[in-house]
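Have a look at the structure below before the remarks.
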Amino acid sequence: MKKVLMAAVAATLMVPAAAMANDTYNTKCVACHATGAAGAPKLGDAAAWAPRASLGMDALLASVKNGKGAMPPKGLCNDCSDDDFKGAIQFMLDNSK
Ligand code: HEC
């Protein structure tokens, strides 16, 4: 029991900051990207994200701002800045490897 607890604590401490929850993702993008609604690449789905990751951050940012397929422009976050979008995109990439 004690060993399990120690392992859990160690694992928590080793999580890099980028892997922590992201506000923009949690409030705006989660609706589609947590469930894969409308064909959205799901958080944690490495196969769905790998080809998108290779497009690069600039291309992904443009997809979000302009909308892509079933994703509405700005991913439904009209008051998000580029940095907000980048943070949410990076969060999904980092957690979908
Ligand atoms: C209404 C549902 C919905 C919301 C809300 C949404 N997305 Fe998406 N997203 C999608 C769908 C569907 C796709 C797949 C589009 C395609 O490839 O046809 C997608 C694809 C993406 C991609 C990959 C783009 C590419 O060029 O392949 C990124 C990055 C992304 N979303 C980021 C975000 C971010 C960041 C947010 C929050 C600000 C967000 N999405 C909110 C539905 C959504």
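None of the figures in this text is laboratory data; all of them are computed from the coordinates on show. From a predicted model like this one, the values you see are computed outputs, not experimental measurements. Ideal geometry is used to build each Cβ from the backbone, glycine not excepted, and the neighbour counts take in all protein chains shown.
The relative contact order of the stretch 18-94 comes to 41 percent, based on Cα pairs under 8 Å that sit 6 or more residues apart. Remark: spin-label model distance T35-K68 equals 2.2 nm, labels positioned 7 Å along the Cα→Cβ axis. Of all aspartates and glutamates in the structure, those lying under 13 Å Cα to Cα from K74, and not within fewer than 8 positions of it along the same chain, are D82, D83, D84.
Once the piece of chain linking A48 and N78 is laid out straight, how much longer is it, given 0.36 nm per residue of separation minus the C-alpha distance between them? Computed gain between A48 and N78 is 8.3 nm. With the convex hull constructed from alpha-carbon coordinates only, the stretch 20-85 shows a mean projected area of 4.3 nm² over all directions. Here each label is just a point 7 Å from Cα along the line to Cβ, and for D58 and Q90 those points are 1.7 nm apart.
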